[in-house]
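Read through the structure below, which is laid out as structure tokens, and then see the notes.
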Amino acid sequence: MYRHFGKRMIDMILSGIGIVVFAVPMFVIALLIKVSDPGPALFRQKRVGIHKKHFMLLKFRSMKLSTPHDIP
């Protein structure tokens, strides 16, 4: 019974707390990225997950938009 209901409830409570706690720092980071360089603060990247299923991942942008794309 614990495995089904208790663990699920603990997971939901802790993830809710984590979202609330980390929302402010993520907002500050996004604001700093936006101020330092125009353009989106986040970008999407396609990744391969379990059973070779693709999913989209959101990441904070760390490179400037003016960076050449053909330089390693």
task: For region 5-23, name all the residues that are closer than 24 Å to residue 41 by Cβ and open to solvent by 100 Å² or more (accessible area, probe 1.4 Å).
output: 19, 20, 22
message: Regarding region 6-25, can at least one residue be identified that is without any contact (Cβ under 8 Å) to a residue 24 or more places away in the chain and in contact with a strand residue (DSSP E or B) (Cβ under 7 Å, 6 or more places away or on another chain)?
response: no
message: Go through region 24-72 and report how many residues are open to solvent by less than 80 Å² (accessible area, probe 1.4 Å), part of a loop (DSSP other than H, G, I, E, B) and not β-branched (Val, Ile, Thr).
response: 7
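The values are calculated or read from the model by the stated rules, or taken from the named source; none is laboratory data. Predicted model, so just to flag it, every value in this text is computed and none were measured. We place every Cβ from the backbone using ideal geometry, glycine too, and count neighbours over all the protein chains shown. For accessibility, only protein heavy atoms count, side chains too; no ligands or nucleic acids. Shrake-Rupley method; radii C 1.70, N 1.55, O 1.52, S 1.80 Å.
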